[in-house]
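A.B. asks: This is the structure, below, for whatever I ask next.
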Amino acid sequence: MGNVPTTVKHCLSYEQLIHDYPWLRRWLQEEKEIVPTGVKIQLIDMLSGTGLPVIEATSFVSSKWVPQMADHTDVLRGIHRAPHVRYPVLTPNMQGLQDAVAAGATEVAVFGSASETFSKKNINCSIDESLLRFEEVINTAKERQIPVRGYVSCTLGCPYEGFIEPSKVAEVAKRLYDMGCYEVSLGDTIGVGTPGSMFKMLESVMKEVPPCALAVHCHDTYGQALANILTALQMGVCVVDSAVAGLGGCPYAQGSSGNVSTEDVLYMLHGMGIETGVNLAKVIEAGDFICNALCRKTNSKVAQAKGRTQ
Amino acid sequence: MGHVLPEKVKIVEVGPRDGLQNEKTIVPTDTKIHLINMLSESGLPVIEATSFVSPKWVPQMADQVEVMKGICRKSGVTYPVLTPNLKGFQSAMKAGASEVAIFGAASELFSKKNINCSVDESLQRFDEVMKAAKEAGVPVRGYVSCVVGCPYEGKVAPEKVAHVAKRLYSMGCYEISLGDTIGVGTPGSMSEMLEAVSREVPVSALAVHCHDTYGQALANILVALQMGISVVDSSVAGLGGCPYAQGASGNVATEDVVYMLHGLGIQTGVDLPKLMDAGAFICRTLNRKTNSKVAQATCKL
């Protein structure tokens, strides 16, 4: 590329490989209508054909808490698993892990929070208690040679506590990594982060967890997601979570946007010469499909623009 | 941050001109004046007030003289106006303008389709405006459009952008605003273009005018800041769609830019809540939703 500016070169040095995780589970979970199992399966199958390397398929959480995910077993059994694509599922506890394994799961994920209040309000226990629960899940998964991904929520702000200390994020990330999570995804749960806070948080976390084991999960509630992702890339992170069509609102700000859309992330990465292995046009098709099925507009600006160019 | 960022960024608010110009509803003069006055109170240092273009071409700007004469000019705030030709410049002077702006394109096809002449011909026309402005002691800002992509030509060569920017700067423009007119730019194409331009024009005289049509604006602005640029154009509430993609978004929202800059510890002088008030006002009047995600999130918590 000749005289490449530092920002782009930095990203290219990571073997031009960015994994893209459309967190299907998360946004479907937050969609108000219950989506039919057949539609979920079709969506995942379409996404499997786009080149995305990881598609989070469902959540083995009690259907009492998350009715949207009640069909977790049917979804996992119903999808066509493409070779070279992984289909992790959320497993908040041992029961969930057992059900996931019985349903054929080959990768699982656990969630920690960087905010005590959020942890208590969300899963009714302290951070430490939640990590103890996850330790059991991780150890059992390890015995079965099932890789475990860890998530940390509220890494750049909490709807209850406000500012979250980067050192606290680092502490939770380290615990998850040391317990055996192969990767830790750092979530800006309410989208309040900016490149400034993203930088400080990652600086802190990277002292405890190697960059190659980190991912960012940015919400676009304040429009900052792509700038935050860019910052993370410049610091050596090369795994990005996103959601097709940017669906899945922010549960803490009614009507506001939540997940960053996969299409917009891909547009940026490809524009920077970073390889993802993903076919953007096919992702847009998958986004169109689910938006039609849900009777709602896409949150992806790329999809909006491409759909409307004269 | 790993990169050295400017301590201060000057925001050039283009909502009242670039924003409203692309809105379908004709906005009453009083509303425009009230919007500009609210923006003046929010701490914005530069507010592009109107355009002295023929009302035949841009009916939204037909009340250019009344707007210019009607606004309360806050001390320390500048109110540039667009002047596409000498006639427009003369009208602007009569109406009390103290700063003007001219436009060039980095794409030949865009220039022909937009103003019916080649890029070189357009720059020659502006020569007259530049001369008159110099005599009157009036600063001139230059805009270059289609700096990373053109709706007709597709990709635009960075060297072409640098060439046009250099011409405008050499002609006497104190600042050159580089516009991603159709919002197709990414941090990749943005940095390539800025590298080429900053070889010809000092970085301190450059600004970026990013459209958010593909959601890339804030990332592009961040890259520009990392390359030393400290002037950013934006539009309150993200007013002004993209004329080339029906219904798609256009200008980046000032609220979202300010949120990012303040989060980076960069001073802007802008009071974000007051800015959001101005955005809420104009959206109510236009009966439309804001394009600013910060405004959407803040109103709904």
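The values are calculated or read from the model by the stated rules, or taken from the named source; none is laboratory data. Keep in mind that this is a model prediction, so the values were computed, not measured. Neighbour counts run over all protein chains shown; Cβ positions are idealised from the backbone, glycine included.
A.B. asks: Tell me which residues, restricted to segment A:32-63, are in contact with a Lys or Arg (Cβ under 6 Å, 6 or more places away or on another chain) and among the β-branched types (Val, Ile, Thr).
C.D. replies: Within segment A:32-63, A:THR50, A:VAL54, A:THR58 qualify.
A.B. asks: Here is a further query. Filter the helices (runs of 4 or more DSSP H) completely within segment A:70-154 down to those with at least 2 residues that are touching a Ser or Thr at 6+ places or on another chain (Cβ under 8 Å) and among the aliphatic types (A, V, I, L, M).
C.D. replies: Details: elements: A:72-78, A:94-102, A:116-123, A:127-143.
Hits in segment A:70-154: A:72-78, A:94-102, A:127-143.
A.B. asks: Residues of segment A:50-69 being in a loop (DSSP other than H, G, I, E, B), loosely packed, with under 15 Cβ neighbours inside 10 Å and of a type outside the set (D, E, K, R), which ones? Break it down into steps so the answer makes sense when it comes.
C.D. replies: At the first step, the residues of segment A:50-69 found to be in a loop (DSSP other than H, G, I, E, B) are A:50-53, A:55-57, A:60-66.
Restricting the remaining residues to those that are loosely packed, with under 15 Cβ neighbours inside 10 Å gives A:63-65.
Result: A:SER63, A:TRP65.
A.B. asks: Another one. Go through segment A:110-130 and give me each residue that's closer than 18 Å to A:ASP178 by Cβ and out of contact with any Asp or Glu (no Cβ under 7 Å at 6 or more places or on another chain).
C.D. replies: We begin by selecting, within segment A:110-130, every residue closer than 18 Å to A:ASP178 by Cβ; these are A:110-114, A:127-130.
Across segment A:110-130, the qualifying residues are A:VAL110, A:PHE111, A:GLY112, A:SER113, A:ALA114, A:ASP128, A:GLU129, A:SER130.
A.B. asks: In segment A:36-68, how many are of a type in the set (A, V, I, L, M) and touching a strand residue (DSSP E or B) at 6+ places or on another chain (Cβ under 8 Å)?
C.D. replies: Of all residues in segment A:36-68, those of a type in the set (A, V, I, L, M) come to A:39, A:41, A:43-44, A:46-47, A:52, A:54-55, A:57, A:61, A:66.
Remaining after also requiring touching a strand residue (DSSP E or B) at 6+ places or on another chain (Cβ under 8 Å): A:47, A:52, A:54-55, A:57, A:61, A:66.
The number of residues fulfilling the criteria is 7.
A.B. asks: Just checking, which of B:LEU222, B:LEU272 is within 27 Å of B:PRO16 (Cβ to Cβ) and within 8 Å of chain A (Cβ to nearest Cβ)?
C.D. replies: B:LEU222
A.B. asks: When you go through (1) more than 7 Å from chain A (Cβ to nearest Cβ); (2) within 20 Å of A:SER261 (Cα to Cα) one by one for B:THR254, which number turns out not to apply?
C.D. replies: Condition (2) is where B:THR254 drops out.
A.B. asks: Still on this structure, please answer the following. Being within 17 Å of B:ARG167 (Cβ to Cβ) and buried (at least 21 other Cβ atoms within 10 Å of the Cβ) is the filter here, so list the residues in segment B:202-217 that pass it.
C.D. replies: First pass over segment B:202-217, keeping only residues within 17 Å of B:ARG167 (Cβ to Cβ): B:202, B:205-207.
Within segment B:202-217, B:LEU206, B:ALA207 meet the criteria.
A.B. asks: Here is a further query. Taking B:GLY265 as meeting all but one of (1) surrounded by 24 or more Cβ atoms within 10 Å (Cβ to Cβ); (2) on the phi > 0 side of the Ramachandran plot; (3) of a type in the set (Gly, Ala, Ser); (4) facing chain A (nearest Cβ under 7 Å), write down the number of the exception.
C.D. replies: (1)
A.B. asks: So which of B:GLY188, B:GLY215 ends up being touching an Asp or Glu at 6+ places or on another chain (Cβ under 7 Å) and at the interface with another protein chain (Cβ under 9 Å from one of its Cβ atoms)?
C.D. replies: Working: B:GLY188 fails: touching an Asp or Glu at 6+ places or on another chain (Cβ under 7 Å).
Unique residue meeting the criteria: B:GLY215.
A.B. asks: Look at B:VAL197 and say whether it is more than 7 Å from chain A (Cβ to nearest Cβ) and either within 21 Å of B:HIS163 (Cα to Cα) or in contact with an Asp or Glu (Cβ under 6 Å, 6 or more places away or on another chain) (or both). Write out each step before concluding.
C.D. replies: Working: more than 7 Å from chain A (Cβ to nearest Cβ): yes; either within 21 Å of B:HIS163 (Cα to Cα) or in contact with an Asp or Glu (Cβ under 6 Å, 6 or more places away or on another chain) (or both): yes.
Taking the combined requirement at face value, the residue satisfies it.
A.B. asks: Looking at (1) of a type in the set (Phe, Trp, Tyr); (2) within 16 Å of the chain's Cα centre (by Cα); (3) within 11 Å of chain A (Cβ to nearest Cβ), which is the one condition that is false for B:TYR174?
C.D. replies: All conditions pass for B:TYR174, except number (3).
A.B. asks: Out of all the residues in segment A:179-189, is one or more crowded, with 24+ Cβ neighbours inside 10 Å, closer than 23 Å to B:GLU255 by Cβ, at pLDDT 95 or above and in contact with a strand residue (DSSP E or B) (Cβ under 7 Å, 6 or more places away or on another chain)? Walk me through it before giving the result.
C.D. replies: If we filter segment A:179-189 for residues that are crowded, with 24+ Cβ neighbours inside 10 Å, which is where we start, we get A:181, A:184-189.
Still in the list and also closer than 23 Å to B:GLU255 by Cβ: A:188-189.
Subsequent filtering for residues that are at pLDDT 95 or above retains A:188.
This time we only want the ones that are in contact with a strand residue (DSSP E or B) (Cβ under 7 Å, 6 or more places away or on another chain), so: A:188.
Yes: segment A:179-189 contains one or more residues that are crowded, with 24+ Cβ neighbours inside 10 Å, closer than 23 Å to B:GLU255 by Cβ, at pLDDT 95 or above and in contact with a strand residue (DSSP E or B) (Cβ under 7 Å, 6 or more places away or on another chain).
A.B. asks: What's the total number of residues in segment B:230-248 that are assigned to a loop (DSSP other than H, G, I, E, B), within 13 Å of another protein chain (Cβ to nearest Cβ) and out of contact with any Gly (no Cβ under 6 Å at 6 or more places or on another chain)?
C.D. replies: Quick first cut of segment B:230-248, residues assigned to a loop (DSSP other than H, G, I, E, B) only: B:230, B:239-244, B:246-248.
Remaining after also requiring within 13 Å of another protein chain (Cβ to nearest Cβ): B:241-244, B:246-248.
Applying the additional criterion that residues be out of contact with any Gly (no Cβ under 6 Å at 6 or more places or on another chain) yields B:243-244, B:246-248.
Qualifying residue count, segment B:230-248: 5.
A.B. asks: Among the numbered criteria (1) free of Cβ contacts under 8 Å to residues at least 40 places away in the same chain; (2) part of a loop (DSSP other than H, G, I, E, B), which single criterion is violated by B:ALA219?
C.D. replies: Going through the list (1) free of Cβ contacts under 8 Å to residues at least 40 places away in the same chain; (2) part of a loop (DSSP other than H, G, I, E, B), B:ALA219 breaks only (2).
A.B. asks: If you don't mind, there's one more thing I want to ask. Counting just the residues of segment B:280-301 that are outside any helix (DSSP H, G or I) and in contact with an Asp or Glu (Cβ under 9 Å, 6 or more places away or on another chain), which one comes out nearest to the other protein chains (Cβ to nearest Cβ)? Quick ask: steps written out before the conclusion?
C.D. replies: Filtering segment B:280-301 down to residues outside any helix (DSSP H, G or I) leaves B:287-292, B:301.
From the residues that got through so far, the ones that are in contact with an Asp or Glu (Cβ under 9 Å, 6 or more places away or on another chain) too are B:288, B:290-292.
Details: B:ARG288: 15, B:THR290: 11, B:ASN291: 9, B:SER292: 7 Å.
Filtering first and then ranking leaves B:SER292.
A.B. asks: Considering only segment B:54-71, I want to know if a residue exists there that is buried (at least 23 other Cβ atoms within 10 Å of the Cβ) and aromatic (Phe, Trp, Tyr).
C.D. replies: no
A.B. asks: Against the condition modelled with pLDDT of 95 or more and over 21 Å from A:ALA227 (Cβ atoms), how does B:PRO158 come out, does it pass?
C.D. replies: For B:PRO158, the condition - modelled with pLDDT of 95 or more and over 21 Å from A:ALA227 (Cβ atoms) - is met.
A.B. asks: Here is a follow-up. From the residues in segment B:265-301 that are over 22 Å from the mean Cα position of the chain (by Cα) and among the hydrophobic types (A, V, I, L, M, F, W, C), which one is nearest to B:GLU41 (Cα to Cα)?
C.D. replies: The extreme case among them is B:CYS299.
A.B. asks: OK, next. What number of residues within segment B:53-73 satisfy the criterion of being of a type in the set (A, V, I, L, M) and without any contact (Cβ under 8 Å) to a residue 12 or more places away in the chain? Spell out the reasoning first.
C.D. replies: Initially, segment B:53-73 is screened for residues of a type in the set (A, V, I, L, M), giving B:53, B:58, B:61-62, B:65, B:67-68, B:71.
Right, trim to without any contact (Cβ under 8 Å) to a residue 12 or more places away in the chain and you get B:62.
Matching residues across segment B:53-73 total 1.
A.B. asks: Working only within segment B:131-155, note down all residues that are closer than 24 Å to B:PRO80 by Cα and more than 19 Å from the chain's Cα centre (by Cα). Write out each step before concluding.
C.D. replies: Keep residues of segment B:131-155 that are closer than 24 Å to B:PRO80 by Cα, which gives B:131-147.
If the condition is that a residue be closer than 24 Å to B:PRO80 by Cα and more than 19 Å from the chain's Cα centre (by Cα), then B:LYS131, B:ALA132, B:ALA133, B:LYS134, B:GLU135, B:ALA136, B:GLY137 are the ones that fit.
A.B. asks: Restricting to segment B:1-43, and then to whatever is more than 23 Å from B:GLY269 (Cβ to Cβ) and outside any helix (DSSP H, G or I), can you tell me which residue is nearest to the other protein chains (Cβ to nearest Cβ)?
C.D. replies: Restricting to residues being more than 23 Å from B:GLY269 (Cβ to Cβ) and outside any helix (DSSP H, G or I), the top hit is B:GLY2.
A.B. asks: Please tell me if B:VAL156 is crowded, with 17+ Cβ neighbours inside 10 Å, over 17 Å from B:LEU206 (Cα atoms) and among the β-branched types (Val, Ile, Thr). Lay out the reasoning, then the answer.
C.D. replies: Working: crowded, with 17+ Cβ neighbours inside 10 Å: yes; over 17 Å from B:LEU206 (Cα atoms): yes; among the β-branched types (Val, Ile, Thr): yes.
The answer is yes for B:VAL156.
A.B. asks: Can you pull out the strands (runs of 3 or more DSSP E) entirely within segment B:99-184 that have at least 1 residues that are among the polar types (S, T, N, Q) and under 17 Å from B:PRO84 (Cβ atoms)? Break it down stepwise before answering.
C.D. replies: On the way: elements: B:100-105, B:140-145, B:175-180.
Where strands (runs of 3 or more DSSP E) fall fully within segment B:99-184 and carry at least 1 residues being among the polar types (S, T, N, Q) and under 17 Å from B:PRO84 (Cβ atoms), they are B:140-145, B:175-180.
A.B. asks: So if I check each of A:LEU97, A:LEU76, A:LEU156, which one is closer than 30 Å to A:GLN224 by Cβ, surrounded by 22 or more Cβ atoms within 10 Å (Cβ to Cβ) and not polar (S, T, N, Q)? Explain how you work it out, then say what you get.
C.D. replies: Values: A:LEU97 fails: closer than 30 Å to A:GLN224 by Cβ; A:LEU76 fails: closer than 30 Å to A:GLN224 by Cβ.
The conditions single out A:LEU156.
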